[in-house]
Amino acid sequence: MTALEITLIIICLFLLVLICASFYFNFKFGKLILDLQDSIEGSLDLLDQRYLSMSKVLEKPVFFDSLEVRQVVSDIKDCRDSILLIANKMTSSFKNNN
């Protein structure tokens, strides 16, 4: 065996190790990304349910003219709008990719 053949064998073995490490980390990070996507989708489903629930409550008229009650209704509206804003921000990157 010549020095060139030995060098090429060593380089091939090194590249094989690098490819195996790359496959391992690609699989690991791919699984992490898929798990993260599943948890985001679950969170968005929950946010959607809460948004619908708040919207139904806010459609009902308020019969009590207290400042505190009006403030609570205003806070619920703000929370509903915040939920919608969060959901839109989380899904904006998915909409652009399609």
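Scan the range 68-98 for residues that are farther than 29 Å from I33 by Cα and at pLDDT 75 or above and the total you get is 10.
Here is a yes/no grid of residues against (1) of a type in the set (A, V, I, L, M, F, W, C); (2) out of contact with any Gly (no Cβ under 7 Å at 6 or more places or on another chain); (3) surrounded by 10 or more Cβ atoms within 10 Å (Cβ to Cβ); (4) in contact (Cβ under 8 Å) with a residue 24 or more places away in the chain:
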residue: D35; (1), (2), (3), (4): no, yes, yes, no
residue: E41; (1), (2), (3), (4): no, yes, yes, no
residue: L46; (1), (2), (3), (4): yes, yes, yes, no
residue: S55; (1), (2), (3), (4): no, yes, yes, yes
residue: E59; (1), (2), (3), (4): no, yes, no, no
residue: F64; (1), (2), (3), (4): yes, yes, no, no
residue: I76; (1), (2), (3), (4): yes, yes, yes, no
residue: C79; (1), (2), (3), (4): yes, yes, yes, yes
residue: I83; (1), (2), (3), (4): yes, yes, yes, yes
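Has the range 39-54 got any residue that is at pLDDT 85 or above, within 23 Å of the chain's Cα centre (by Cα), part of a helix (DSSP H, G or I) and acidic (D, E)? No - not one qualifying residue is present in the range 39-54.
The requirement of being modelled with pLDDT of 80 or more, surrounded by 11 or more Cβ atoms within 10 Å (Cβ to Cβ) and not β-branched (V, I, T) is satisfied by L8.
Of note, I19 does not satisfy the criterion of being closer than 27 Å to S92 by Cα and among the β-branched types (V, I, T).
The values are calculated or read from the model by the stated rules, or taken from the named source; none is laboratory data. Remember, it's a predicted structure, so these values are computed and weren't measured experimentally. Note that we place each Cβ from the backbone using ideal geometry, even for glycine, and neighbour counts take in every protein chain shown.
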